[in-house]
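Q: I'd like to ask you about the structure that follows.
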Amino acid sequence: MMLPFLDVFRRSFTQAVSTEFVGIANYKTVFMNDAFRLAVKNTARFTVVCLPLLIILGLVTALLLTGLKQAQVLKSAFLFPMAMPAATVVLIWKMVFDENGLLNLATGKNTDFMGTGLAFWVLVFSYVWKNLGYTVVLWMAGILSIPSDIIEAGRVDGAGKSRIFFSIMFPELKGVLYTITVLSFLNSFKVFREAYLVAGPYPHESMYLLQHLFNNWFTYLELDKMAAAAVCIGSVLFVVILLFQKLWEEGGESE
């Protein structure tokens, strides 16, 4: 499993065509590249905005659905966006957010959503809409696995809803929170397909992500820069996931 990554690591120190060893020259080129810095900034911003939004919305929705009799039916409905093909999602995007789309017709305006800074928030909306379903399902599974006796004991002792949630339910949901956080973090790098199909390889700068950059470099066979950037991004992802794990392990030990 590590062999392909080791090969990429080796290639990050060589030229793409001649395979001549160039040391850290590729890394210098990558970090001095304006497109790379823009893509990193937008990807980090997208992740920081989407993760808390998705996790909190999923938890609130799961808490509201848990007490309903139709919870199973509604839970299945939330998973529907994940089953939709990317081409269908793109069609919905264009129907709603195009200059002549439904949103502009409803508001009577002529806003260019995909050609301004609003494109970033359209991307955020699409990500949350598509990934909310599995988040709700995972939260509901965690909530329903909590023994009802513990919750009833808290109510008998006079604890309110907020006290029951933060003191009884939330500590039991930390494992679910870790799983959702890691999955959502990884899925935030998969939004590229829809963004590419809607806006092409060079979208508005507010939604120019790392995936756009890698796709454009691959088109021009700039494999040396791709290798160096891949090593950097892969290392960051590995460290972030290790930090997530360490935080949750420390949180579990402190209970």
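Q: Name every residue in segment 198-210 that is closer than 14 Å to Asp34 by Cα and buried (at least 17 other Cβ atoms within 10 Å of the Cβ), in order of residue number.
A: Listed by number, the residues that qualify are Ser206, Tyr208, Leu209, Leu210.
Q: Name, by its number, the condition in (1) open to solvent by less than 40 Å² (accessible area, probe 1.4 Å); (2) touching a Pro at 6+ places or on another chain (Cβ under 9 Å) that does not hold for Glu194.
A: Here Glu194 meets the rest and fails (2).
Q: I've got another one for you. Within the set of pairs 6 or more residues apart or between chains, which connect a residue that is hydroxyl-bearing (Ser, Thr, Tyr) inside segment 150-169 to a residue that is part of a helix (DSSP H, G or I) and surrounded by 13 or more Cβ atoms within 10 Å (Cβ to Cβ) with Cβ atoms less than 8 Å apart?
A: Ser167/Gly154
Q: Additional query: May I ask you to list the residues in segment 142-156 that are small (Gly, Ala, Ser) and at pLDDT 85 or above?
A: Passing the criteria: Gly142, Ser145.
Results for (1) modelled with pLDDT of 85 or more; (2) open to solvent by less than 50 Å² (accessible area, probe 1.4 Å); (3) outside any helix (DSSP H, G or I), shown as yes or no for each residue.
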site	(1), (2), (3)
Val60	yes, no, no
Leu63	yes, no, no
Leu68	no, no, yes
Met82	no, no, no
Leu91	no, no, no
Asn110	no, no, yes
Met114	no, yes, no
Phe120	yes, yes, no
Phe125	yes, no, no
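Q: Ok, one more. Please work out which residue is modelled with the lowest pLDDT, limiting yourself to segment 180-191 and to residues that are surrounded by 14 or more Cβ atoms within 10 Å (Cβ to Cβ) and not aromatic (Phe, Trp, Tyr).
A: The extreme case among them is Val191.
Q: From the list Leu213, Leu243, Leu247, pick out the single residue that is among the aliphatic types (A, V, I, L, M), open to solvent by less than 90 Å² (accessible area, probe 1.4 Å) and assigned to a helix (DSSP H, G or I).
A: Of Leu213, Leu243, Leu247, the one residue that is among the aliphatic types (A, V, I, L, M), open to solvent by less than 90 Å² (accessible area, probe 1.4 Å) and assigned to a helix (DSSP H, G or I) is Leu213.
Q: Let me ask something additional. What residue, among those in segment 1-16 that are surrounded by 16 or more Cβ atoms within 10 Å (Cβ to Cβ) and of a type outside the set (A, V, I, L, M, F, W, C), is nearest to Met207 (Cα to Cα)?
A: Step by step, filter segment 1-16, then rank; the result is Ser12.
Q: Going through segment 143-177 one residue at a time, which ones are open to solvent by less than 30 Å² (accessible area, probe 1.4 Å) and in contact with an Asp or Glu (Cβ under 7 Å, 6 or more places away or on another chain)?
A: Ile146
Q: Do we have Thr19 as free of Cβ contacts under 8 Å to residues at least 24 places away in the same chain, part of a loop (DSSP other than H, G, I, E, B), farther than 30 Å from Pro147 by Cβ and open to solvent by 70 Å² or more (accessible area, probe 1.4 Å) here?
A: Taking the combined requirement at face value, the residue satisfies it.
The values are calculated or read from the model by the stated rules, or taken from the named source; none is laboratory data. Because the structure is a prediction, the values reported are computed rather than measured. Heads up, the Cβs are rebuilt from the backbone with ideal geometry, glycines too, and the neighbour counts pull from every protein chain shown. To get the accessible areas, we keep the full protein, side chains included, count just its heavy atoms, and leave off ligands, DNA and RNA. Shrake-Rupley method; radii C 1.70, N 1.55, O 1.52, S 1.80 Å.
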